[in-house]
Ligand SMILES: *Cc1c(COP(=O)(O)O)cnc(C)c1O
C-alpha cells in the first residue's frame with residue numbers, strides 16, 4: 001500500500017522542552033488508514049494532525065471495540081532517531097486485535113509507516129535528559145450502527161506527543177495501594193489486551209486510591225483477590241531474597257514490553273528471575289522477614305518506577321527505606337541509555353530511523 005503524504009501549511013510552534021506535560025501537545029502530523037469489510041485496509045495517509053469526523057453512531061463510542069499501543073522515539077546525542085522494540089508493539093497490537101475481533105494489521109507495513117511519520121516529525125523529538133517522543137497507535141470501530149456485533153469498518157491512527165522527563169527533580173518512589181474491592185479483569189476477560197475498556201473500568205479504583213493519598217493501584221486477581229497482578233498501567237517486580245519475582249502471564253495481565261526487556265536484561269546480567277504466581281500473603285510474609293529489598297513497576301511511560309510504599313488493608317509496607325533501590329536505578333539507567341544511544345545495545349532492541 002502506498003502512503004499518501006499531505007504537507008501541513010501551518011507548522012505549529014514547538015513547546016519548551018522543560019515544560020512538557022505528558023500527552024498534552026501533539027506533533028504536526030498523524031498517520032491514518034481505514035478498513036472496510038471486503039476491501040481490507042486502504043487509504044493510508046500521513047497528514048496534518050487535526051480533528052477527525054465519525055458518526056455519532058460509530059460503534060466504538062457505544063461498545064468500546066478499540067485497541068491501542070504505546071512506544072517511544074528517542075534522539076541520540078549525535079542527532080540520530082531511534083525506536084525501542086517497535087516490532088513488539090505491532091505484534092502485541094495484533095494479539096489485542098484478535099481478542100477484540102478487530103482485523104489484523106500488516107506489522108511490517110506499519111513499521112514502515114511509523115518510520116515515515118517519525119521522520120517527517122523528527123524535529124519534535126526532544127533532546128533534554130529524560131525526554132522522548134511518545135507514540136500512540138490505535139484502532140477503533142467506525143461502523144455507523146448501534147446494534148451489538150463486530151464492526152465492519154475501522155480506523156487505524158498514529159498520533160505522537162513530545163514528553164518531558166518523568167523524573168523532574170529526581171526519580172521519586174511512589175505510594176501504591178493494594179486494591180481488594182474493585183477488580184481489573186478476570187481469566188477469560190480482556191486483561192491481556194491493551195484496550196481502552198480495561199482503563200475505563202479501572203478509573204473508579206484509581207480515583208478512590210488517589211483520595212486515600214496513594215498514586216496508583218496494585219491489582220490483585222479478580223477471582224480470589226489473592227494473587228498479585230500489576231500496578232495501574234505497569235507490570236511489577238519484587239526483589240525477594242536475591243531473586244527478582246514478577247507475576248507470570250496467565251491471561252489477565254498485560255504482556256509488557258518493558259517487563260520483557262527487564263527480564264532479559266536481568267538474565268543477561270546473570271541475575272535470578274522468576275515469573276510465577278505470587279500471593280499478597282507471600283509478599284507480606286517476606287516483608288515481615290525483611291526479605292524484600294526493592295519493588296518497582298515497569299512500563300513505557302516511566303520505564304522504571306520504584307515503589308516506596310505499599311498500602312495493604314490497614315498497614316503500610318516501605319521498601320528500601322522509601323528510597324530508590326540500586327537495581328531500580330541501574331535498570332532505568334541502562335534501559336534509557338540504550339534507548340537514547342548512550343549505551344551499547346547488546347540485546348538488539350533498537351531500530352534506527
Ligand atoms: C501498556 C501497559 C503496560 C506496560 O506495557 P509496556 O509495553 O511495558 O509499556 C502494563 N500494564 C498495562 C495494563 C498496560 O496497558
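If you go through segment 243-261 and pick out every residue that is within 9 Å of the ligand (Cβ to nearest atom) and either touching a residue at least 60 places away in the same chain (Cβ under 8 Å) or more than 22 Å from residue 86 (Cα to Cα) (or both), you end up with 7. Only a single criterion out of (1) touching a helix residue (DSSP H, G or I) at 6+ places or on another chain (Cβ under 6 Å); (2) more than 16 Å from the ligand (Cβ to nearest atom); (3) closer than 16 Å to residue 178 by Cβ is not satisfied by residue 294, namely (3). Of all the criteria given as (1) in contact (Cβ under 8 Å) with a residue 40 or more places away in the chain; (2) surrounded by fewer than 20 Cβ atoms within 10 Å (Cβ to Cβ); (3) more than 16 Å from the ligand (Cβ to nearest atom), the one not satisfied by residue 240 is (2). For segment 182-225, the tally of residues that are in a loop (DSSP other than H, G, I, E, B), away from the ligand (no atom under 13 Å from the Cβ) and more than 28 Å from residue 336 (Cβ to Cβ) stands at 12. Restricting attention to segment 106-120, the residues being surrounded by fewer than 21 Cβ atoms within 10 Å (Cβ to Cβ) and touching a strand residue (DSSP E or B) at 6+ places or on another chain (Cβ under 9 Å) number 7. From 332, 268, which residue is within 24 Å of the chain's Cα centre (by Cα) and either modelled with pLDDT under 95 or surrounded by 22 or more Cβ atoms within 10 Å (Cβ to Cβ) (or both)? Answer to the check: 332.
The values are calculated or read from the model by the stated rules, or taken from the named source; none is laboratory data. Predicted model only: the values in this text are computed from it and were never measured. We place every Cβ from the backbone using ideal geometry, glycine too, and count neighbours over all the protein chains shown.
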